[in-house]
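The values are calculated or read from the model by the stated rules, or taken from the named source; none is laboratory data. All figures in this text were calculated on a predicted structure; none of them were measured in a lab. Methodologically, a virtual Cβ is constructed for each residue, glycine included, from the backbone with ideal geometry; neighbour enumeration extends over all protein chains shown. Quick note on the areas: whole protein, heavy atoms, side chains included, nothing else; ligands and nucleic acids left out. Shrake-Rupley method; radii C 1.70, N 1.55, O 1.52, S 1.80 Å.
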Amino acid sequence: LRAVLEHTDAQLYGSLSCIRKWQNWGFPEDRYTALAAGDAITLGDINVRLFHAEYWEDATALAFSFSHADRVVYYGGDTLLFDGLAAAAPVNWALLSYAKNSPDHPAKLYMDDDDIQRAIEALHADRTLLMHWDLWQGTYIDPVPLTERLGEIGYSAQALHQGERLVLD
């Protein structure tokens with residue numbers, strides 16, 4: 001983010017926990033705006049809605065939906081499955097974190113197979129992109145069995161490998 005601040009005039013938007021970090025890092029106050037669940041902003045021709053995200057250590061965590069024309073993309077960040085997830089429905093694309101949870105960690109960090117399916121159902125997602133499954137060695141999980149299982153029951157889900165590209169249509 002420091003490079004963004006030094007080389008662009010971009011405005012940063014984030015949850016209260018993000019704002020605290022940016023303040024501690026000395027970022028100029030006129031370059032960021034605090035947002036909370038329920039807020040909505042417009043950036044050019046993209047409408048952004050903010051939703052609560054369930055994350056083990058951050059009560060202010062946010063998820064976003066980006067809409068343009070008749071398309072809605074939900075980006076859940078590291079959210080876990082929770083009852084309020086359906087507030088963002090319906091979506092064309094759901095970007096959801098999926099990984100093996102570390103047995104050494106005191107809390108659940110990622111959605112598992114069943115959670116992903118239930119999240120897709122709650123969001124009424126037409127398509128799903130699995131994220132984080134290959135991010136950490138200790139939580140790596142092969143997404144193919146899940147994407148195949150979801151396909152067998154009528155859901156479209158995929159996971160990209162490093163270097164692959166996806167155009168959201």
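Observations, loosely collected:
- Scan of region 69-86 for residues that are more than 25 Å from L135 (Cα to Cα) and touching an Asp or Glu at 6+ places or on another chain (Cβ under 6 Å), ordered by number: none
- Enumeration of residues in region 18-36 that are under 25 Å from P106 (Cβ atoms) and touching a strand residue (DSSP E or B) at 6+ places or on another chain (Cβ under 9 Å): C18, K21
- All positions within region 41-64 that are among the small types (G, A, S) and farther than 12 Å from G14 by Cα: G44, A53, A59
- In this structure, T60 qualifies as open to solvent by less than 50 Å² (accessible area, probe 1.4 Å), assigned to a loop (DSSP other than H, G, I, E, B) and in contact (Cβ under 8 Å) with a residue 40 or more places away in the chain.
- Condition check for Y74: open to solvent by 70 Å² or more (accessible area, probe 1.4 Å) and assigned to a strand (DSSP E or B): no
- Residues in region 1-47 that are free of Cβ contacts under 8 Å to residues at least 24 places away in the same chain, outside any helix (DSSP H, G or I) and among the aliphatic types (A, V, I, L, M): 6 in all.
- Of the listed requirements (1) touching a His at 6+ places or on another chain (Cβ under 9 Å); (2) open to solvent by less than 80 Å² (accessible area, probe 1.4 Å); (3) farther than 21 Å from L160 by Cα; (4) in a loop (DSSP other than H, G, I, E, B), L81 misses just one: (1).
- Residues located in region 1-55, provided they are among the basic types (K, R), within 21 Å of L85 (Cβ to Cβ) and loosely packed, with under 14 Cβ neighbours inside 10 Å: none
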